[in-house]
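Each remark here refers to the structure printed beneath this line.
The values are calculated or read from the model by the stated rules, or taken from the named source; none is laboratory data. As the structure is a computational prediction, the values presented were derived from the model and not from experiment. All Cβ positions, glycine included, derive from the backbone under ideal geometry; neighbour counts span all protein chains shown.
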Amino acid sequence: MSRRLLRAVTGVCALLLAVSAVGAGPAQAAGPMPFFQLPFPCGETWRLATYAGHDDYDIDMTFTGGGSNGRMILAAAGGTISAGWSSGGGNYAVIDHGGGWRTTYMHLLQPATRSSGWVDGGTPIGWVGSTGNSTGPHLHYEVTRDGGKTEAYFNGSPSGITSDGSASTGPIYVSGPVSPARNVTSANCNGGQQVYEAHSANGWRMLPVSGGYGPVTASATAAIQLNGVKILYSSKGGQIFEAASNAGWNNLYTGISGAQGTALAALNLNGEKLVYSVVGGYIHEASSNNGWRNLNTGIGGVSNSSIAVIGLNGVKYLYSIVGGYVHEAHSANGWRNLNTGVPGSGVAAITVGTTKILYVVNGGSVYEAASNAGWANNWTGISGVSSATIAAANLNGEKLIYTMAGGYVHEASSNNGWRNLNSGVTGSRTSVLTINGVKYLYSN
């Protein structure tokens, strides 16, 4: 980016902040700093960086586990939200946390999920994009204190992003080294987004999943069916809950805690309900047959963004991302985790007969790899999707893939040449199950 363009972007961003401050009332001494969290789901790791001419304290955030485009943005703390559009910031949101503190979020993929009212910390407010004056998908994040920019803190620790190294940009106005980039893992673990159910027999009409204990909210979901009953597992704040369609979707805590990120999978194996999550970098297994005691499988070093599970002939197969590649482990080999050689940032798995089939997101494109073809990785033709969100189903031999693109769930079928069609269902993540020929999506 040219220095002239950098100065132009800086000017526009400053103007945006000035506009957002209109109506805020007279300046006053800032109250105590809110306990800000990284504005991304629990367990995700993001790179924080700046550059010369960016303005001191401004932070550009990119996901370390793959592409940033379409990834969920959460409120860093509770407050009153406003939103809009500017030529520099694109789709943006501003949250007024009270006491003179504000956070600003720029370049959102599409307009913020809310444009007014109160949002709790951890509430989804949008998706990472590249709108406005942006050179690629990222979140531009700022903190202001009584109208002046200040260093961001996350989970009680300073971000370390202070100086942009330029004497011509403030508020420090010092020529010197640019603050070095660093990776930060989110502890924003208390939020959750409303889960919706939509199915193919009702034209994908979205209905909120809610029971006697209130709405089901989650950062990730997994769904199974057991004797015609739909069972939904949801992760929120590191805890995993179970809700069933025959019990009015009452959301019950399983007792499982410590779950990280958005990696969640579930399996019905001959009537035994199994839930898989990532805790401390290891995949854990909990079963309805052991009172949901969460046991370490020993599978370590895995990404906490995506895991998948299938059952075949009584054997449980787990798929995880380790070092950017899909690994397979199964219960009959003591969970020894072997590299399939398939690269990716998100994984889903199905069986067709006795063949295991993987669907993997890599660089925004979707690939198919089958166990009976030596895991040869073939591009489906699907592209432009979110990096770690993918679900799949086998419906009477028809292979189905569900991905997120532009904030909408898309469906592609092996029967239509993998043409990726917008279902109209919104969200940032999805899971799928089938019952009696009907496809059910759970999005959040």
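Determine whether the range 273-291 contains at least one residue that is assigned by TED's automatic domain parsing to the domain that holds Ser383, within 23 Å of Thr403 (Cβ to Cβ), surrounded by fewer than 21 Cβ atoms within 10 Å (Cβ to Cβ) and of a type in the set (Phe, Trp, Tyr). Among the residues of the range 273-291, not one is assigned by TED's automatic domain parsing to the domain that holds Ser383, within 23 Å of Thr403 (Cβ to Cβ), surrounded by fewer than 21 Cβ atoms within 10 Å (Cβ to Cβ) and of a type in the set (Phe, Trp, Tyr), which makes the answer no. Being closer than 19 Å to Ala222 by Cα, surrounded by fewer than 19 Cβ atoms within 10 Å (Cβ to Cβ) and touching a residue at least 12 places away in the same chain (Cβ under 8 Å) holds for only one residue in Gly311, Gly323, Gly346, and it is Gly311. When each of Gln260, Gln225, Gln239 is tested for being under 21 Å from Pro208 (Cα atoms) and within 18 Å of the chain's Cα centre (by Cα), the lone residue that passes is Gln239.
Report, by residue number, each residue of the range 70-125 that is without any contact (Cβ under 8 Å) to a residue 60 or more places away in the chain, outside any strand (DSSP E or B) and more than 16 Å from Pro137 (Cα to Cα). Scanning the range 70-125 gives Ala77, Gly78, Thr113, Arg114, Ser115, Ser116, Gly117. Residues that are surrounded by 15 or more Cβ atoms within 10 Å (Cβ to Cβ) and either in contact with a Cys (Cβ under 8 Å, 6 or more places away or on another chain) or among the charged types (D, E, K, R) (or both) within the range 406-444 comprise Glu411, Arg429, Lys439, listed in sequence order. With respect to being in contact with an Asp or Glu (Cβ under 7 Å, 6 or more places away or on another chain) and either part of a helix (DSSP H, G or I) or modelled with pLDDT of 50 or more (or both), Thr10 fits the description. Which of (1) crowded, with 21+ Cβ neighbours inside 10 Å; (2) modelled with pLDDT of 85 or more does Asn183 not meet, given it meets every other one? Just one mismatch for Asn183, condition (1).
Within the range 388-395, the presence of at least one residue that is under 16 Å from Gly364 (Cα atoms), of a type in the set (S, T, N, Q) and modelled with pLDDT under 95 is confirmed.
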